[in-house]
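**Student:** Would you mind keeping the following structure in view while I ask a few things?
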């Protein structure tokens, strides 16, 4: 009887253990970081030569990465995507991605403005689970001001637009604290002191100084007390930096005006090549360009100036004087920038 009782206890214990639910292992998780994990949609020039996609992939939870595939989809080219990379022999917990998609090696020359190139990265783990992420490039042509922008020469009291920024469609700003006003030409301006974080160009003229005349300055230019716009800019909470390069005869006004023509890429090639590191050269003649500076004095009619803003935006500015006198008159600019 004692032996039977002991046996029943043993069987009862085994029966209780069998009723417990098994532990379900957690599923693996794939993490992808593409192009720094930043923008999903990146504006590019339609003439760009190479698009780069890079990143890392890691998997946690016990499984491994088995397959990596990268495909490119082009909005204006329907049909089967272009397979750029495939590796089905992986058996690892981490891998890297590096794709250089070269335009010259494929049919990407016909890209149109607002076209989209989607680079889809697909990861399959050892259990067949699929994870994907993508980087999207949006094709943009040069940003061009719709019409000439009037800048206010300080010696001309009728011109009140002394400060300019590329934000808000190249909004102009003026001295003082008016919340909103219009100059005698009907152009709307805003107070610079309340918008200093958007100002990239300062326009000042001093006709009595042969070294200044009409000039462009960086907003953080160190005007001395009682000099230039010191009394105004000293009240700004933010003073951004812009650097300028005088291009001289690097290319003609005709090339500047026809830069949207794919057969004339002088402006695009110039902007793509500029580093503003003091070692820039003319992309055609390889002539060394001047070192970037924060002040361009004695502006002249039909002069072309390259600039780089604090945000890293690069562009070209065409100077026009009406009448065509480089010491007096109304100054205008037309700007072309990379996206």
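Each reported figure results from applying straightforward, stated rules to the coordinates on display, with no laboratory input. Everything numeric here is computed off the predicted structure, so don't read it as measured data. Every residue, glycine as well, gets a Cβ built from its backbone with ideal geometry; the counts of neighbours run over all protein chains shown.
**Student:** Return the FRET efficiency for the residue pair residue 100, residue 127: r is the Cβ-Cβ distance, R0 is 45 Å, and the value is rounded to the nearest 0.05. Kindly include the intermediate steps, with their values, before the conclusion.
**Tutor:** Values: r = 32 Å, r/R0 = 0.70.
The pair residue 100/residue 127 has a calculated efficiency of 0.90.
**Student:** In Å and whole numbers, how far do the C-alpha atoms of the stretch 29-140 stretch along each principal axis, longest first?
**Tutor:** If we take the Cα atoms of the stretch 29-140, the spans are 45, 27, 19 Å.
**Student:** Output the peptides 226-234, 267-275 sorted from most to least packed, where packing is the average of other Cβ atoms within 10 Å over each peptide's residues.
**Tutor:** 267-275, 226-234
**Student:** log₁₀ I(q)/I(0) of the stretch 231-277 at q = 0.18, 0.27 Å⁻¹, via Debye over equal Cα point scatterers, no solvent, to two decimals?
**Tutor:** Debye intensities relative to I(0), on a log10 scale: -0.67, -1.05.
**Student:** Quick one, what does Rg over Rh come out to for the stretch 193-339 if you take C-alpha atoms and the Kirkwood Rh?
**Tutor:** Here Rg/Rh amounts to 0.97.
**Student:** Would you please put 58-65, 201-208 in order of how densely packed they are, using the mean number of other Cβ atoms within 10 angstrom per residue and starting with the highest?
**Tutor:** 201-208, 58-65
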